[in-house]
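Trainee: Take this structure first; my questions come after.
Nothing in this text is a laboratory measurement; each read-out follows from the coordinates by a stated rule. Fair warning: this is a prediction, and the values are worked out from it, not measured in the lab. Don't worry about glycine lacking a Cβ; one is built from the backbone with ideal geometry, like all the others, and counts go over all protein chains shown.
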Amino acid sequence: MLIDHPLLGLRDSSEFIYMGDAKLLNRPNWKSQNSMTKFIDYGYLRKNPAGVHKELWYHEQGDRSWLVVTRNTVTHEILKVELARET
Amino acid sequence: MMKYSGFKVLLEGLRGNMGWKPLWRNPDPKKSYEIVIVGGGGHGLATAYYLAENFKITNIAVLEKGWLGSGNIGRNTTIIRSNYLLPQNQPFYEFSLTLWENLEQELNYNSMVSQRGVLNIFHSDSQRDAFVRRGNAMLMSGADASLLGVDALKKLVPFLDFKNSRFPIKGGLWQPRGGTVRHDAVAWGYAKEADARGVDIIENCEVTNLLVKNGKCYGVETTKGLIKSKKVGVCVAGSSSQVMGKIGINLPIESHVLQAFVSEGLKPIIPGVITFGAGHFYVSQSNKGGLVFGGDIDGYNSYAQRGNLPIIEDVCEGGVALMPMIGRARLLRTWGGIMDMSMDGSPIIDKTKIRNLYFNGGWCYGGFKATPASGFCYAHLLATDKPHNDAKDFLFNRFERGRLIDEKGQGNQPNLH
């Protein structure tokens with residue numbers, strides 16, 4: 001798979017480390033109500049869709065930026081690539 | 001019902017082989033069942049068999065969306081072993097291995113269970129310590145294990161690269177009772193015996209929804225109509241999140257693609273199963289001579305049943321580092337299967353928060369060897385509502401309780417297990 005990095009252009013996916021569902025960007029507030037339940041959900045539960053999936057890729061062997069890649073898990077087609085800090 | 005024997009083979013030979021019959025019927029689904037099992041893979045069929053055999057429950061349907069054996073039961077690298085470390089896992093896998101040892105007699109079906117041994121190579125002193133600890137855990141569960149030094153390895157597997165200075169071979173952990181099994185025949189054997197006991201195996205019947213009312217599951221909606229059931233057991237491996245997601249349940253599971261490889265047929269050279277300890281590579285040789293091997297999962301969520309080239313390169317590099325002689329063997333086929341990678345690398349066999357709905361999944365890429373025990377323990381749970389003693393820790397609540405069963409110590413990162 002080639003990932004179209006917003007700054008560096010097309011890069012091979014093997015330069016990246018995959019960190020899973022982009023929901024990890026939204027860490028629950030530990031002071032909120034039911035924060036325990038929210039953290040169990042955050043840490044362990046996943047939607048794991050067959051189809052469009054927003055996910056985190058870390059460009060470890062490149063500029064070390066975090067990307068949010070929107071990808072189809074059935075076809076491996078990459079639909080959108082954004083810098084995580086800009087989402 | 002078909003009964004196989006040497007005499008039968010002889011008799012059929014004289015009769016022009018006209019007396020062989022299909023192994024299972026092809027029934028239309030009834031309107032209701034006592035238990036519906038979603039997923040006609042190895043685990044689902046084993047579950048149906050053990051429900052019928054151990055608990056005499058035969059009003060069962062096994063629903064398979066494709067044809068029988070089209071999923072991971074026909075896609076794996078056929079290895080059986082019980083060389084785990086943790087006390088929640090090892091007795092379960094040892095139980096599974098004892099079931100494998102008697103499987104052909106029990107099912108009256110030749111599934112080619114071949115206990116040719118599993119050898120895990122280690123490459124450093126600290127890895128030796130870890131493998132000694134693992135071997136002791138195996139012995140304590142009643143399994144067999146021994147530690148082989150370099151001299152013993154040179155006799156057993158003289159073709160390894162003993163001169164490799166980057167990954168020096170220091171010895172191996174050897175489990176003689178491990179080995180390989182003809183994987184399709186496992187599905188066919190369980191299907192045959194479940195069918196003979198009255199279980200309906202319904203192929204090309206996809207479950208499109210789970211029927212739930214007032215927190216209770218009462219059946220499934222399928223491409224062949226509604227089927228009511230007192231209990232529903234989901235057992236669909238890589239599709240776990242898809243099926244449970246239909247009623248809004250998120251699982252501690254990600255689906256990933258694992259590739260497997262077969263080389264062209266070669267003369268017999270590899271005696272058992274060999275694993276590389278410095279990378280991820282495992283290999284055995286099939287009875288037709290092909291090298292059957294694999295390594296890491298691709299590492300990203302996928303339902304594609306095919307992988308990408310970087311892993312093919314990585315796996316082949318591991319193989320050549322361990323045994324350079326295979327460098328010129330040509331790759332015949334590669335394929336992919338969808339693994340239900342759980343958050344701690346261990347499976348789940350448990351009730352769900354919906355009454356009468358049960359779940360079996362999260363097998364990561366170790367589901368094949370677990371097939372008999374998984375079916376046995378899931379049948380126990382479905383019949384008695386209590387977990388089987390050897391699977392009593394495979395529960396959903398271990399994540400919130402902090403009782404993870406993490407063999408590799410990787411944390412909640414499914415693609416690292």
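Trainee: Along the Cα-to-Cβ line of A:L79, 7 Å from the Cα, sits a label point; which residues in the stretch B:283-312 have backbone N less than 17 Å from it?
Mentor: B:301-304
Trainee: Equivalent ellipsoid semi-axes for the stretch B:107-210, as square roots of 5 times the alpha carbon gyration tensor eigenvalues: give them largest first, rounded to whole Å. Walk me through the numbers before you get to the answer.
Mentor: Working: eigenvalues 325, 50, 46 Å².
Semi-axes (√(5λ), whole Å): 40, 16, 15.
Trainee: What does the convex hull of the Cα atoms come to per residue for chain B, in Å³? Don't skip to the answer; put the middle values down first.
Mentor: Details: hull volume 60.2 nm³, N = 417.
In chain B, the Cα hull volume divided by residue count equals 144 Å³.
Trainee: Once amide H atoms are placed 1.01 Å from N in the peptide plane, what residues at a sequence separation of 5 or more from B:V62, or on another chain, have their amide H within under 5 Å of its amide H?
Mentor: Correct list: B:I37, B:D200, B:I201, B:I202.
Trainee: Something else about it: Karplus couplings for the stretch B:219-226 from phi (6.51 cos²θ - 1.76 cosθ + 1.60, θ = phi - 60°), rounded to Hz, Gly and Pro as x?
Mentor: Whole-Hz 3J(HN,Hα) from phi for the stretch B:219-226: x, 9, 9, 10, 5, 10, x, 6.
Trainee: Using amide H atoms built 1.01 Å from N in the peptide plane, name the residues 5+ places from A:G20, or on other chains, whose amide H lies under 5 Å from its own.
Mentor: A:L56
Trainee: While we're here: Relative to the longest principal axis of the C-alpha atoms of chain B, give the angle of the C-alpha long axis of helix B:183-196, reported between 0 and 90° and rounded to the nearest 10°.
Mentor: The two axes meet at around 30 degrees.
Trainee: Only Cα pairs within less than 10 Å get springs; with that Gaussian network setup on chain B, which residue of B:P176, B:P268, B:P87 has the largest fluctuation?
Mentor: Judging by the Gaussian network model, the answer is B:P268.
Trainee: Cα axis of helix B:309-322 to longest principal axis of chain B: angle in degrees, 0 to 90, nearest 10?
Mentor: Taking the Cα atoms of chain B, the angle to B:309-322 is about 50 degrees.
Trainee: Mind jotting down the three principal axis lengths of the protein assembly as shown based on Cα atoms? Whole angstrom, largest first.
Mentor: Here the Cα extents, ordered largest to smallest, are 69, 63, 42 Å.
Trainee: Related question: Residue-wise, which Karplus ³J(HN,Hα) couplings in Hz belong to the stretch B:232-242, taking 6.51 cos²θ - 1.76 cosθ + 1.60, θ = phi - 60°, and x for glycine or proline?
Mentor: My calculation for the stretch B:232-242 gives 10, x, 8, 7, 10, 6, x, 8, 3, 5, 5 Hz in order.
Trainee: Another question, then. Starting at the first residue of the stretch B:111-126, write each ³J(HN,Hα) from the Karplus equation 6.51 cos²θ - 1.76 cosθ + 1.60 with θ = phi - 60°, in whole Hz, x for Gly and Pro.
Mentor: 9, 6, 5, 10, 7, 9, x, 10, 10, 9, 7, 10, 10, 8, 5, 6
Trainee: Distance between Cα centroids, the stretch B:294-326 to the stretch B:1-25: provide it in whole Å.
Mentor: So the separation of the two Cα centres works out to 41 Å.
Trainee: Remind me, relative contact order of chain B in percent, using alpha carbon pairs under 8 angstrom and six or more residues apart?
Mentor: Numbers: 941 pairs, mean separation 89.6, N = 417.
Computed over chain B, the figure is 21 percent.
Trainee: List the residues, sorted by chain then number, that are 5 or more residues from B:G171 or on another chain and whose placed amide H is less than 5 Å from its amide H.
Mentor: B:F122
Trainee: Treating only the Cα positions of the stretch A:2-86 as identical point scatterers, give the base-10 log of I(q)/I(0) from the Debye formula at each q in 0.14 Å⁻¹.
Mentor: Log-scaled intensity ratios, in q order: -0.53.
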